[in-house]
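To start, the structure under review is shown below, and the notes come after it.
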Amino acid sequence: MASAALDLLSEVFEPDGTVQPDRLSGRLRVTRLQLAAALGLSKDAVTKQSRLQAPKTQARLRDAIEILNRIRPWAGSDEAAFAWYRSAPLPSFGDLTAEDLVKQGRAEAVKRHVSRIAAGGYG
């Protein structure tokens, strides 16, 4: 399973470390605009080269990849992990979804939560 997660990383990153949203959206089988909406980014953030390079855009894309890679082993696929990210209510966060929390700038809390579950804790 770890190699499948690494495949996601290797496919969506440029050699310089820049995340390419078109590759990520292709891997998740959504449009770039759907990806932007799920990450709380503007359309321009994933369509205009100057905005794509912005630190906030790249940080949000990296956060999403980290979360999806942590979920993927138990979700079974990139698409299933993304579905979980978008729709699974998290009781520890008042039933907000990972998507809701990332949009609020709380990706680190989601990453800790998912890591705790992976280590055998409760959601």
Response to the item:
Expected vector for region 55-65, Karplus 3J(HN,Hα) from phi with 6.51, -1.76, 1.60 and θ = phi - 60°, integer Hz, x for Gly and Pro, equals x, 5, 4, 5, 5, 5, 5, 5, 4, 4, 4
Worksheet item: Based on Cβ point charges of +1 for Lys and Arg and -1 for Asp and Glu, what charge dipole magnitude is obtained for region 2-118 about its Cα centre, in debye rounded to the nearest 20?
Response: 240 debye
Worksheet entry | Residue among 24, 98, 81 farthest towards the positive dipole end of the chain, charges placed on Cβ | 98
Fill in: Overall Cα dimensions of the chain - principal axes, largest extent first, Å
41, 31, 22
Worksheet entry | region 32-52-region 89-123 distance, computed between alpha-carbon centres (Å) | 23 Å
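Read-outs: derived from the displayed coordinates by stated rules, not from any lab. Nothing here was measured: the structure is a model prediction, and the numbers come from that model. Cβ sites come from the backbone with ideal geometry, for glycine too, and all protein chains shown count toward neighbours.
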